[in-house]
1. Search the range 1-23 for residues that are of a type outside the set (Val, Ile, Thr) and pair each with any residue that is in a loop (DSSP other than H, G, I, E, B) and at pLDDT below 95 when their beta-carbon atoms are under 8 Å apart and the residues are at least 6 apart or on different chains.
2. Within the range 16-43, can you find the residues that are part of a helix (DSSP H, G or I) and either over 26 Å from GLU4 (Cβ atoms) or over 9 Å from the mean Cα position of the chain (by Cα) (or both)?
Amino acid sequence: MMQEDHAYHSERALRELHLGLTSSSVAAARAHLQLSSLHMKKVCDAAGPAGRRRPLFIID
């Protein structure tokens, strides 16, 4: 189950990042980038203690 969660959130983080970077609307870009950040946070949280040191681009 954890592996499926990791794969799902990793894929969604990358997809939302791509959508955010290619969006023509600033509001839409911001929303996609925030979603990407949330999914990346899930990936880091699922990694356990090793994932506690999150990259700087994750928004709290």
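The values are calculated or read from the model by the stated rules, or taken from the named source; none is laboratory data. Remember, predicted model here, so these are calculated numbers, not experimental data. Note: ideal-geometry Cβ built from the backbone for every residue, glycine included; neighbour counts use all protein chains shown.
1. Close Cβ pairs (under 8 Å, with a partner that is in a loop (DSSP other than H, G, I, E, B) and at pLDDT below 95) amount to HIS6/ALA47.
2. Initial filter on the range 16-43 (part of a helix (DSSP H, G or I)): 16-22, 26-43.
Answer for the range 16-43, where residues must be part of a helix (DSSP H, G or I) and either over 26 Å from GLU4 (Cβ atoms) or over 9 Å from the mean Cα position of the chain (by Cα) (or both): HIS18, LEU19, GLY20, LEU21, THR22, VAL26, ALA27, ALA28, ALA29, ARG30, ALA31, HIS32.
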